[in-house]
Amino acid sequence: MTQILIIVAAGLVLMAAFWWLIRIHREAAYNRRRLELALTGSKMGLWDWSITTGFVFRNRSYAEMLGYDPDALPEQLVIDTTLVHPEDLPRLKATLESYLAGTSEKYEQEYRLKGACGQWRWVLDRGTAVSFDRHRRPTRVVGISVDITERKRVELRLRELSYTDPVTGLHNRAYFNKMVKELNSEAALPLSVIVGDVNMLKMANDTLGHSAGDCLLISAAKVLKGCCRASDIVTRWGGDEFAILLPNTGQTEALAICKRIRKACAQTQDSPVQLSVALGAATRTSMAEPMRDIVETAEAWMYKHKLMERDGDIQRWKTLAEDAEQLH
């Protein structure tokens, strides 16, 4: 009888344990589902990378974030696929290698991933090592990927606005300085600079009003853009000055562009004052030449031409003033 009671008790314990395991399994599945729903709603995905096997597990919300079916994504690191934007790949690799080597305390990087429809989506990756071998080298890294496309779109728009002149729509002096740094290489040589100054702008503002001055600036911007190539960087420095960067352009070609600009100005009749721009050009042919000196040389030539053109501009202005007086 005692043995029967022991068997019955053991059976009841096993049955209770069995139901307890079922309950735990159901609760775990329920919690996983809740997590999936939360992650999907927040445009966030989980990934789990086994460095030992090279296998990467990604949850359903990761695939849905990019518009893929869960089974469509490769089970390997994104840096070993064509999903990462080519421009972002070197930076992403360097960040991951630095973290795995222990030279960086955390793995965090922003980059672009290709969505199911071929569009590029920005994601923020954060990961941490959760297991190590006996040499304290990571063997497993888990992390999250967050869709930050909208945030990046706003950031890029704000950056674009910070580099844009509100009157002419051209890039501004901050952008000119940025591009000077980016073009500081042998690959950009010869690098020419054209500096332009709109003649009689102050007189137009003082006599006809700032709307007339703005019209003059807009006309100058159109002429400069129209006379330059797609690779040339046309900027408004501020006030009545413009500056143009011409990569891989020698002195002869830069002077030819100046000639085209002068001719186009003479043919422009869409502003209250005849458009006239004093121009100066200089060319960097060696990395030994400081870019500041090249810009200053172009400015010096521009001021020389401005003095030469001033008498003609004053005479044209007198004629305009006389015509305006007769109308009144």
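The numbers here are math on the coordinates, done by the rules we state, and not lab data. The model shown is predicted, which means the values in this text are computed figures rather than measured ones. Quick reminder, even Gly has a Cβ in these numbers, built from the backbone with ideal geometry, and neighbours come from all protein chains shown.
What share of all Cα pairs of the stretch 190-247, in percent, falls into each consecutive 5 Å distance bin?
Binned Cα distances yield the sequence 4, 19, 28, 20, 13, 8, 5, 1, 0.
Rounded to two decimals, what ratio of Rg to Rh does the stretch 172-307 give with C-alpha atoms and a Kirkwood Rh?
Details: Rg = 14.7 Å, Rh = 15.0 Å.
For the stretch 172-307, the value is 0.98.
Plugging the Kirkwood radius over Cα pairs into Stokes-Einstein for the stretch 116-239, at a temperature of 37 °C and a viscosity of 0.692 mPa s, what D comes out in µm²/s?
Numbers: Rh = 19.1 Å.
Rounded, D is 172 µm²/s.
Please list the equivalent ellipsoid semi-axes of the stretch 221-292, computed as the square roots of five times the alpha-carbon gyration tensor eigenvalues, in descending order and whole angstrom. Walk me through the numbers before you get to the answer.
Numbers: eigenvalues 117, 34, 22 Å².
Equivalent ellipsoid of the stretch 221-292: 24, 13, 11 Å, largest first.
Go ahead and run the numbers for FRET between MET287 and ASP69, Cβ-Cβ distance against an R0 of 56 Å, rounding to 0.05.
Numbers: r = 52 Å, r/R0 = 0.93.
The pair MET287/ASP69 has a calculated efficiency of 0.60.
Between GLN119 and SER211, 0.36 nm times their residue separation minus their Cα-Cα distance comes to what?
Working: separation 92, 0.36 × 92 = 33.12 nm, distance 4.21 nm.
Taking 0.36 nm per residue and subtracting the Cα distance, the gain is 28.9 nm.
Would you list, by chain and number, the lysines whose Cα falls below 28 Å from the Cα of LYS93, excluding same-chain residues fewer than 8 positions away?
Counting by Cα, and skipping residues close in sequence, LYS93 has these lysines nearby: LYS43, LYS106, LYS114, LYS152, LYS178, LYS181.
Can you work out the PRE-style zone for SER50? Point 7 Å along Cα to Cβ, and I want the residues of the stretch 67-106 with backbone N under 15 Å.
75-77
Rounded to the nearest 0.05, what FRET efficiency do ALA256 and LEU100 give with R0 = 56 Å and r taken as the Cβ-Cβ distance? Could you check? If you can, show how the numbers build up before the last one.
Values: r = 54 Å, r/R0 = 0.96.
Efficiency for this residue pair is about 0.55.
How high is the FRET efficiency from GLU296 to GLN76, r the C-beta distance, R0 51 Å, rounded to 0.05?
0.40
Which whole number in µm²/s is D for the stretch 63-166 by Stokes-Einstein, with the Kirkwood Rh taken over Cα pairs at 20 °C and 1.002 mPa s? Present the calculation step by step, with values, prior to reporting the outcome.
Details: Rh = 15.4 Å.
For the chosen part, D equals 139 µm²/s.
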